[in-house]
Amino acid sequence: MGTTFTAIANNMVKPGGRIALILPTAAMTGGSYDASKQQAYSWQRLRNLLCDHYDQIVVVSIAQPRKKDSAFSADSDFADCMVIARRIANDEKPGSQAHFVNLKAAPATKLEAQETARAIKSAITNTVNECNEICIGDKEIGFVSCETVHSNRKWTTIRISESTLLKRARNLAEGQLNLPQRAKAIEIPVTRMGNLAKAGPISRDIDGPNRGPFTKRVECNSSDEYPMLWNPRSDG
């Protein structure tokens, strides 16, 4: 239904006008693109629509463990996000960047929602190609990240509670592991799993015994400098 709502909004809004939609978080991370057929499916078409016909894109999500607590809609039992964007005119170029706002919790009152909106607007104005905290007074309520968005790509900077996690992940994708108590990054070769192996008939069966090539350890050493969380438990 989210793709239908977006298509209707796109047909109704005039150039220079804005759309504001509440969509499942799957709208940012779901869908796919088949390079062999050069065809986009499901939610990927929605993101391509935003990339091709809109600028000033803002995506707001809530970083809570329970999906219901990450919803803007009062009657939703799943995590959703708010998407705001301006439709460009025919002679304008589409925007190549989007601001991803990650809130620690949903505003509890209308007054808090108004102040949150003001804080978000101020943070977005001061954020270009970086992360910036969103604060109400001395209280940090989240952060905003400005990123380049591309067609046929997923938008994954949603429901993140700490900006440091985002920075660590970006560095790791570039082959650098930044540990909290080390001044210099550790160089780690990184490649896609597809370059090493192909998924079998049931790709989810990756752990033993006798179910796949990988073995997951149940626990980690409490003295580890940067422990890894295995099988995190979530009530959502």
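Coordinate-derived values only; no laboratory data. Everything numeric here is computed off the predicted structure, so don't read it as measured data. Reconstructed Cβ throughout: ideal geometry from the backbone, glycine too, with neighbour counts over all protein chains shown.
For the range 17-90, which semi-axes, largest first and in whole Å, follow from the square roots of 5 times the eigenvalues of its Cα gyration tensor? Provide the component values of the computation, followed by the final result.
Working: eigenvalues 114, 64, 13 Å².
Equivalent ellipsoid of the range 17-90: 24, 18, 8 Å, largest first.
Amide H neighbours of Tyr54 under 5 Å, counting only residues 5+ apart in sequence or on other chains, H built in-plane at 1.01 Å?
HN-HN under 5 Å from Tyr54: Ile88, Gly95.
So, by mean Cβ neighbours within 10 angstrom, what's the order for 54-63, 110-119 with the highest one leading?
On the way: 54-63: 20.9, 110-119: 13.5.
Ranked by mean Cβ neighbours within 10 Å, highest first: 54-63, 110-119.
Amide H of Cys135 versus every other amide H placed in the peptide plane: which residues, excluding those fewer than 5 positions away on the same chain, fall under 5 Å?
Result for Cys135 returns Ile141.
Would you mind checking Lys68/Lys104; Lys14/Lys93; Lys121/Lys167; Lys104/Lys139 for any pair whose Cα atoms are more than 19 angstrom apart?
Working: Lys68/Lys104 14 Å; Lys14/Lys93 16 Å; Lys121/Lys167 22 Å; Lys104/Lys139 11 Å.
The answer is Lys121/Lys167.
Given 5 Å bins starting at zero, what is the percent of C-alpha pairs of the range 2-159 in each, up to the one with the largest pair distance?
Bin by bin from 0 Å, the calculated values are 2, 9, 17, 21, 21, 17, 9, 3, 1, 0, 0.
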